[in-house]
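Right, one structure below, let's go through it.
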Amino acid sequence: MFLEDTIKSSDRGGWIEVITGSMFSGKTEELIRRLNRARIARLRVEIFKPKMEVRYSEEEVVSHDENSIHSTPVDSASNILLLASDVDVVGVDEAQFFDKGLVEVCNVLANKGMRVIVTGLDMDFRGEPFGPIPGLVATAEYVTKVHAICVRCGSLANYSHRTSDEEKLVVLGETNNYEPLCRKCFMEATRKKTD
């Protein structure tokens, strides 16, 4: 692939880390923590997010706890290859919003010796696998699944239940549009919507 040649080769081995789970589970918080630790270790770090993700900031990755780190918004996964040269660690937030080409991009970066840390929802609001996340989980060396707390019963939540009636796959929102639910409460909530 011609884009592979845009990134300098390295003798060190690279790898992919995926941080996934439902909304409000701390994915972005964990990404920021890992990237800050890489910076403390004097590694060169670059962070990317989808250009459409502007809930808190256009140019920063921001957690629900309002911790933030500067990022580069990009239109597509292939742009990451063009911009991620001469770094040691690449972070990608909200990976579910990227095209499925993100899997190849992350593998190219890892093959070039970079540490790639990716966060994203593993399931959409219907409880179905979301975007490139399943492919990333399959090829990653390390996978961390984080959980929120179910707002209805207090159990571990792994579903992002949409509280509005919108049917589009992507609806950006926060607690006004989504709530974290456990499996049992998610099944009950979706059953009520179809009755």
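The values are calculated or read from the model by the stated rules, or taken from the named source; none is laboratory data. If you're wondering where the values come from, they're calculated on a predicted model, not measured in any experiment. As a convention, Cβ positions derive from the backbone with ideal geometry for all residues, glycine included, and neighbour counts pool all protein chains shown.
Numerical summary
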quantity	calculated
Number of positions in the range 127-159 that are in contact (Cβ under 8 Å) with a residue 60 or more places away in the chain and of a type in the set (Lys, Arg)	1
Residue within the range 89-107 that is polar (S, T, N, Q), more than 15 Å from the chain's Cα centre (by Cα) and crowded, with 16+ Cβ neighbours inside 10 Å present	yes
Residue count, the range 110-124 (criterion: surrounded by fewer than 24 Cβ atoms within 10 Å (Cβ to Cβ) and of a type in the set (A, V, I, L, M, F, W, C))	3
Residue 14 vs. criteria at pLDDT 90 or above, of a type outside the set (Lys, Arg), over 16 Å from the mean Cα position of the chain (by Cα) and farther than 30 Å from residue 154 by Cα	yes
Residue list for the range 109-136, filter: touching a Cys at 6+ places or on another chain (Cβ under 6 Å) and aromatic (Phe, Trp, Tyr)	none
Some residue of the range 136-147 being in a loop (DSSP other than H, G, I, E, B), more than 15 Å from the chain's Cα centre (by Cα) and either modelled with pLDDT of 95 or more or surrounded by fewer than 20 Cβ atoms within 10 Å (Cβ to Cβ) (or both)	yes
